[in-house]
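Nothing in this text is a laboratory measurement; each read-out follows from the coordinates by a stated rule. Computed from a predicted structure; not experimentally measured. Here Cβ is always computed from backbone atoms with ideal geometry, including for glycine, and neighbour counts include all displayed protein chains.
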Amino acid sequence: MDFDVTQDWHVASPYDFLRRLRHERPVFRSEHLGAYVLTRYADVRAAYGDARRFSSKGSLTISRSLTEETRARLGEHGSFLSSFVANVDPPDHTRLRRSVSRAFTPRAVAALERRFRELNEDVLDRVAGRGRADFVEEIAHEPSVKLTAAFIGVPAADEEFVQRRVKEWFQLFLSPQPPGRQLELADGFLTYLDYVDRLVVARAKDPQDDFTSLMTSLIGEELSHREVVELISTILLGGNDTVPNQLGNSVLRLLREGQWPVPPERVANAVEECMRIDGAALGSFRFATTDVELHGVTIPAGELVLLSTDSAAHDETVFPDPERFVIDRPNADAHMVFGYGIHFCVGAALGRLQLRTALDVLGARLPGLRLAEGASVAYRRSIVGRGLPSLMVEW
Ligand code: HEM
């Protein structure tokens with residue numbers, strides 16, 4: 001048996017398989033992924049903590065399937081993401097991370113809560129009277145997309161354009177696509193880069209109170225123009241997709257477990273337990289920089305390694321009875337769905353704030369929320385992310 005993204009079980013419920021790997025083959029060579037997979041909590045954590053032997057350099061550009069024609073079309077942008085913070089090692093990482101962190105201070109993040117609450121109320125004002133909606137499409141995305149856009153400094157009129165384009169470049173660079181589709185996506189991507197470029201130029205001339213202005217002000221001192229464009233493009237994705245995916249997974253779980261609405265005092269821990277049991281991120285890729293000996297297996301230098309946070313979050317040595325949802329599990333927040341170590345998600349506090357606020361508002365406004373009769377539930381097929389394209393609900 002192997003990981004197989006074309007199969008539904010791979011994303012929906014790989015836990016029997018992962019448990020067997022943890023017990024029998026803790027260093028598993030996946031032919032399908034072309035990578036070694038670490039599945040035990042302690043090993044995943046140790047590898048995240050050892051950036052010297054487990055390098056992030058180039059680890060994000062996992063789709064190496066771009067055709068010659070697509071590469072030619074992309075030109076100098078073919079190596080996009082090569083200077084993105086999650087895709088580099090120290091000392092570049094240390095410098096980039098310092099710059100990005102300036103925008104994610106606890107104060108800056110806390111200041112976004114009220115706006116996010118309003119954005120959720122706005123959506124519910126629109127749909128509440130209908131009694132039925134696609135939770136993912138019509139409720140979960142809009143508040144995060146709008147909040148991220150405001151944080152970055154994208155004008156409201158451009159939000160739709162940005163959202164469409166972000167999805168496209170994600171497909172182009174992070175999941176294999178047929179050649180014709182690659183070219184289409186490449187054109188969209190170039191249009192998008194051009195847009196971000198113009199935003200940076202506009203903020204250089206006329207700074208505002210937003211992420212783009214702050215990063216632009218560091219060009220020449222701490223950051224290059226290209227690094228700023230990659231940061232902005234990618235953080236737009238971080239905010240647009242991961243949080244709504246996690247929210248969709250969480251609402252599905254809570255409804256199935258009969259835990260709706262979540263009492264306000266239990267929301268914070270419920271968010272952690274939902275992340276643990278149905279994480280929106282499944283793991284991170286690294287490259288071994290030297291031969292690594294582990295549990296009797298040698299991972300040769302240069303090989304790709306998947307740190308399976310999904311498996312770690314279901315490791316029974318850390319989380320007793322891991323397939324059971326325990327809303328007040330004392331160590332639920334020990335999951336590594338936000339990563340661990342020097343690349344630990346810089347948006348984690350913002351992600352948590354959004355998840356908590358959304359569950360709070362939704363619980364208060366739609367206490368009778370339930371899955372729609374006969375609604376089918378199918379996850380998107382992906383190696384690194386878990387999310388539902390659609391979730392029909394009623395109230
Ligand atoms: C529930 C939502 C989210 C999940 C599950 C998530 C997950 C992750 C993970 C697993 C990593 C580590 C990657 C690695 O080690 O290779 C990461 C890093 C990162 N995340 Fe998030 N993230 C979320 C939300 C966000 C948000 C809202 C933002 C920004 C607005 C963001 C921005 C970033 C950035 C910039 C990094 C790179 C940090 C570095 O390399 O130092 N994330 N995220």
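Pick from the range 248-291 the residues that are touching a Cys at 6+ places or on another chain (Cβ under 9 Å) and within 30 Å of VAL88 (Cβ to Cβ): which of them is surrounded by the fewest Cβ atoms within 10 Å (Cβ to Cβ)?
By that ranking, first place goes to ALA281.
When you go through SER65, SER59 one by one, which is the residue that is touching a residue at least 40 places away in the same chain (Cβ under 8 Å) and loosely packed, with under 15 Cβ neighbours inside 10 Å?
Numbers: SER59 fails: loosely packed, with under 15 Cβ neighbours inside 10 Å.
Being touching a residue at least 40 places away in the same chain (Cβ under 8 Å) and loosely packed, with under 15 Cβ neighbours inside 10 Å holds for just one of SER65, SER59, which is SER65.
So LYS57 ticks every box in (1) part of a helix (DSSP H, G or I); (2) touching a strand residue (DSSP E or B) at 6+ places or on another chain (Cβ under 8 Å) but one. Which box is left unticked?
Only one criterion in (1) part of a helix (DSSP H, G or I); (2) touching a strand residue (DSSP E or B) at 6+ places or on another chain (Cβ under 8 Å) is unmet by LYS57, namely (1).
Of all residues in the range 216-247, count the ones that are within 11 Å of the ligand (Cβ to nearest atom) and of a type outside the set (Ser, Thr, Tyr).
Result for the range 216-247: 15.
Taking only the range 275-308 into account, find how many residues are within 16 Å of the ligand (Cβ to nearest atom) and in a loop (DSSP other than H, G, I, E, B). Let's see the steps before the verdict.
Looking only at the range 275-308, we keep the residues that are within 16 Å of the ligand (Cβ to nearest atom), and these are 275-289, 304-308.
Checking which are in a loop (DSSP other than H, G, I, E, B) leaves us with 278-280, 282-283, 289, 308.
Result for the range 275-308: 7.
Taking the criterion of being of a type in the set (Asp, Glu), part of a helix (DSSP H, G or I) and out of contact with any helix residue (DSSP H, G or I) (no Cβ under 9 Å at 6 or more places or on another chain), would at least one residue in the range 130-137 satisfy it? It would help to see each step written out before you state the result.
Just the residues of the range 130-137 that are of a type in the set (Asp, Glu), to begin with: 134, 137.
From what's left, part of a helix (DSSP H, G or I): 137.
Now drop any that are not out of contact with any helix residue (DSSP H, G or I) (no Cβ under 9 Å at 6 or more places or on another chain), which leaves 137.
Within the range 130-137 (the criterion being of a type in the set (Asp, Glu), part of a helix (DSSP H, G or I) and out of contact with any helix residue (DSSP H, G or I) (no Cβ under 9 Å at 6 or more places or on another chain)), the answer is yes, since at least one residue qualifies.
Can you name the residue in the range 326-338 that is part of a loop (DSSP other than H, G, I, E, B) and buried (at least 20 other Cβ atoms within 10 Å of the Cβ) and is also farthest from the ligand (Cβ to nearest atom) among such residues?
Filtering the range 326-338 for residues that are part of a loop (DSSP other than H, G, I, E, B) and buried (at least 20 other Cβ atoms within 10 Å of the Cβ), the one farthest from the ligand (Cβ to nearest atom) comes out as ARG329.
Take THR317 and tell me if it is more than 10 Å from the ligand (Cβ to nearest atom), within 29 Å of PHE104 (Cβ to Cβ), touching a Phe, Trp or Tyr at 6+ places or on another chain (Cβ under 9 Å) and not charged (D, E, K, R).
In short, no.
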